[in-house]
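The structure under discussion appears below in the form of structure tokens.
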Amino acid sequence: MMDITKNFFEFIGLPVSYTVDQSALADRSRELQKTLHPDRYAHLSDREQRMAVQYMSFLNEGIATLRSPLLRAQYLLSLRGIDTESESSTAVDPMFLMQQMELRERLEEIPELEDPYTELDALQVEVQGMLKALREQFAQNYQDEALSVATESVRKMQFLEKLVVEIERLEDRLDG
Amino acid sequence: MALLQIAEPGQSEAPHQHKLAVGIDLGTTNSLVASVKSGEAVTIPDIDGQHLLPSVVRYMPCGNHLVGAEARTYAASDPDNTIISVKRLMGRGVSDLKTLGDEAPYQFDINDGGMPYIKTAAGNKSPVQVSADILKTLVARAEEALGGELTGAVITVPAYFDDAQRQATKDAATLANIKVLRLLNEPTAAAVAYGLDQGKEGIIAVYDLGGGTFDISILRLNKGVFEVLSTGGDSALGGDDLDLALAEWIAQQLGVDIDGNSVSRYLMEKSKQAKEVLSGADEATIDLEIKGHKQSITVSRAQFDELVSPLVKRTIRACRRALKDASVEAEDVLEVVMVGGSTRVPLVREEVKQFFAREPHIKIDPDCVVAVGASIQADVLAGNKPDSGMLLLDVIPLSLGIETMGGLTEKIIHRNTSIPVARAQEFTTYQDGQTAMAIHVVQGERELVSDCRSLARFVLRGIPPMAAGAAKIRVTYQVDADGLLGVHAKELTSGVESSIQVKPSYGLGDVEIAEMLKASYLNAAEDKDVRALREQQVDADRLIVSLQDALVADGKQLLSADEYAALESEIEKLIELRNGSDLIAIERGVAALSKASDEYASRRMDHSIQKALQGHSIDELGESE
């Protein structure tokens, strides 16, 4: 029944862009959540409640997407018909892959170190730095309509985001 | 306007009549029901004036059962048939029972689904049924006191309850024939009772020392949204332990043997009374009669404090851990709310005050505060306060994920995501010619599936044979506003799909619930057809009233004159049907009017979105109330 033809940016009332004013996003999200929350419709008919759940779910997914630098980039490309999430990826720069393998080896060796936390922090900082650079590249390339280069940046971000998850998991295990 | 004449004399509700809605605190030791009456939220007592209903059910060979204080008197003499602390079993499987240790002394009957049934004299009872019996008692009490049928209830659950435990709670309500307006987190309810949702933004700590458990929750309040940052506590430490410490001391002083069951129960009861006296006085005198021998002993506040101090310190340590988990400092905490009868103990208040460096909120009776908060939300959700600006936005407490290769978890919806929410992810087959895919839904933060809670498994069948990696399976997780999950899987190239409302692996199936409900109708000797007709009429009324309200509010603005007139005549048609007694005709009429007004409903939704985006003026009005 729900016909939401708007994309997340339009729905939330922000320009379609990689750069998102996070405080404006928070404000607008809050206004819309207050309007669309199913609690507002709890005393009305089932149809209103169902619609509210659908709209609110769309909104909350939109908020989560626009908040996350990776999801946002993937979403912008998907609006242009580029699917970055499927496994069948185009080749990624071999230099980058080499670097990834080295980073992973470093991660694997951390538990054996005498002071694992120092190395863990160093790795964390390094990976975050790389991610930041990739986000900046993406923003520029996307703006310049250099979509294939932008797509490659997103694929690299995906690799690094997975590494971030693994770093956090190792941290949990060490704290464990 | 003639349209408003839809109430049947003496039968159905008039539009905008005050709806009866309650808040229910379904507790481990005690349960309560509260409602907003004449603008004030109050707990409802039973005919003897007791507000607390002990969460105890005793099943008897004749098939009847007792609930509450009377049932509790049999806890020692008839332990197999007297079910206490059933909340600990909600949403739990057979494998979880071992971890409960000696907590659950009952005889269990293990069924195929792995759900534990408790063997009682009145037959096998699931924890959901036992909870439903407690809920029914509370609802009967409320309907008696309020003088009418309830529209619905807000039921509270601990913040750390996972999907299985929440679903089990909702199933219990369904079984008790209660419409659940919302499942609400207990600490959030306590904060609402104090009106904290209206006030400042910041960190709120809810310190809940119940009879048998201690819970500490750290919440963040941001623009009316309560987010659970962390929860902690000790499931084996409660107010009863304070009583026990005193009872042991008395036994030691008097040289009595505490091992004898009846003596220890007696001493516990006396100690509990002394604890309550000491909350207001500097000393308490305890008169005892043990084996015909009368004795008296006096305990001072200082003596009592010394006895319970190690226990109180343990709760403070749990508070420290919860703050650490939430990554906040004690001085960041803006408000502290006290819940649970034992927070009346002066030492508890003192230690909490010192630790958080601020006065805790104690104005509302700590036994009632959760139910009171729930009733305030129930009143809003029932539609009694159309101008209320109150909105509780909730987040999911634990991430929802899916099992991937090698027994690893892939998160689909991360913890602390606002709900309701839907999120889809694509997967593929890993073998050539694979025609089915098993989907295992899990909840938790850990990397290994075996460390997370298994919520459900289902299989998507009928995938056309393809090369490995060629199939595209889109798995969608949809979480509703109560935090309950539905999962849908679809193979995109062929369109084959499958979905389930996630039922905990050890919950009741929909069929089981329907059958139990049917049985209960039969027992109640209520004519099923009459009931069905009434429910259908209520459905029709809701649709009619909400459309009429909508037309008054913005019908002229959003509809052309022709559309307006057409809709009015459709409404008239349903009113006519609704006043008749043809169940099927009313059902069709509701469907027809829904369809006729779908476009209008969408326009209204879009219109409110536009208004929300245009500025904050509407909302600021709401908040200044």
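Some notes on this structure:
- Filtering region B:575-603 to residues that are closer than 17 Å to A:A52 by Cα and open to solvent by less than 70 Å² (accessible area, probe 1.4 Å) leaves B:S594, B:S597, B:D598, B:Y600, B:A601, B:S602, B:R603.
- In region B:165-184, the count of residues that are under 17 Å from B:L20 (Cα atoms) and more than 13 Å from the chain's Cα centre (by Cα) is one or more.
- Residue pairs whose Cβ atoms lie under 9 Å apart, separated by 6 or more positions or on different chains, with the first residue in region B:381-403 and under 21 Å from B:P187 (Cα atoms) and the second aliphatic (A, V, I, L, M) and assigned to a loop (DSSP other than H, G, I, E, B), are B:L381/A:A42; B:L393/B:I419; B:D394/B:I419; B:D394/B:A481; B:V395/B:I419; B:I396/B:I419; B:P397/B:A159.
- B:E445 being over 30 Å from B:E40 (Cα atoms), touching a Leu at 6+ places or on another chain (Cβ under 8 Å) and open to solvent by 40 Å² or more (accessible area, probe 1.4 Å): yes
- Selection count, region B:405-421, where residues are within 22 Å of B:R182 (Cβ to Cβ) and open to solvent by less than 20 Å² (accessible area, probe 1.4 Å): 4
- Entry remark, region B:370-396: residues being open to solvent by 10 Å² or more (accessible area, probe 1.4 Å) and within 9 Å of chain A (Cβ to nearest Cβ) number 8 in total.
- Qualifying positions in region B:31-69 - open to solvent by less than 20 Å² (accessible area, probe 1.4 Å), of a type in the set (S, T, Y) and not in a strand (DSSP E or B): B:S55
- Spans of helices (runs of 4 or more DSSP H) in region A:38-118 with at least 3 residues facing another protein chain (nearest Cβ under 9 Å), in contact with a Ser or Thr (Cβ under 9 Å, 6 or more places away or on another chain) and surrounded by 21 or more Cβ atoms within 10 Å (Cβ to Cβ): A:46-67
- Matching strands (runs of 3 or more DSSP E) fully within region B:131-237 where at least 1 residues are open to solvent by less than 10 Å² (accessible area, probe 1.4 Å) and at pLDDT 90 or above: B:152-157, B:180-185, B:202-209, B:214-222
- Residues satisfying the stated conditions in region B:351-372, i.e. under 21 Å from B:D234 (Cα atoms), acidic (D, E) and outside any helix (DSSP H, G or I): B:D367
- Pair list, Cβ < 6 Å and 6+ apart or interchain, from region B:192-204 residues that are touching a residue at least 24 places away in the same chain (Cβ under 8 Å) to residues that are open to solvent by 30 Å² or more (accessible area, probe 1.4 Å) and part of a loop (DSSP other than H, G, I, E, B): B:A193/B:I364
- Filter result (in contact with a helix residue (DSSP H, G or I) (Cβ under 6 Å, 6 or more places away or on another chain) and hydroxyl-bearing (S, T, Y)) within region A:109-150: A:Y142
- Where strands (runs of 3 or more DSSP E) sit wholly within region B:75-128, those with at least 2 residues that are at pLDDT 85 or above and touching a strand residue (DSSP E or B) at 6+ places or on another chain (Cβ under 9 Å) occupy B:82-84, B:116-120, B:123-125.
- Only a single criterion out of (1) under 27 Å from B:G444 (Cβ atoms); (2) open to solvent by less than 40 Å² (accessible area, probe 1.4 Å) is not satisfied by A:A150, namely (1).
- Only residues that are over 23 Å from the mean Cα position of the chain (by Cα) and of a type in the set (K, R) were counted across region B:65-95, and they come to 1.
- Taken together, B:V328, B:V348 contain a single residue that is assigned to a loop (DSSP other than H, G, I, E, B) and within 30 Å of B:Q198 (Cα to Cα), which is B:V328.
- Of the criteria (1) in contact with a Ser or Thr (Cβ under 7 Å, 6 or more places away or on another chain); (2) buried (at least 21 other Cβ atoms within 10 Å of the Cβ); (3) not in a helix (DSSP H, G or I), which one B:D287 fails: (2)
- Within region B:471-483, the residues that satisfy the criterion of being open to solvent by less than 50 Å² (accessible area, probe 1.4 Å) and either farther than 21 Å from A:D46 by Cβ or within 11 Å of another protein chain (Cβ to nearest Cβ) (or both) are B:A471, B:I473, B:V475, B:T476, B:Y477, B:V479, B:D480, B:A481, B:D482.
- Within region B:484-505, being open to solvent by less than 40 Å² (accessible area, probe 1.4 Å), at pLDDT 80 or above and of a type in the set (V, I, T) holds for B:V487, B:V496.
- Those residues of region A:1-37 which are in contact (Cβ under 8 Å) with a residue 12 or more places away in the chain, part of a helix (DSSP H, G or I) and open to solvent by less than 50 Å² (accessible area, probe 1.4 Å), in sequence order: A:F8, A:F9, A:F11, A:I12, A:L25, A:S29, A:L32, A:Q33, A:L36
- Region B:150-174 residues that are more than 20 Å from B:A191 (Cα to Cα), paired with ones that are open to solvent by less than 10 Å² (accessible area, probe 1.4 Å) and of a type in the set (S, T, N, Q) (beta carbon under 8 Å, 6 or more apart): B:A168/B:S131; B:T169/B:S131; B:A172/B:S131
The values are calculated or read from the model by the stated rules, or taken from the named source; none is laboratory data. Computed from a predicted model, the values in this text were never measured in an experiment. Note: ideal-geometry Cβ built from the backbone for every residue, glycine included; neighbour counts use all protein chains shown. The accessibility values were calculated without ligands, DNA or RNA, using every heavy atom of the protein model including side chains. Shrake-Rupley method; radii C 1.70, N 1.55, O 1.52, S 1.80 Å.
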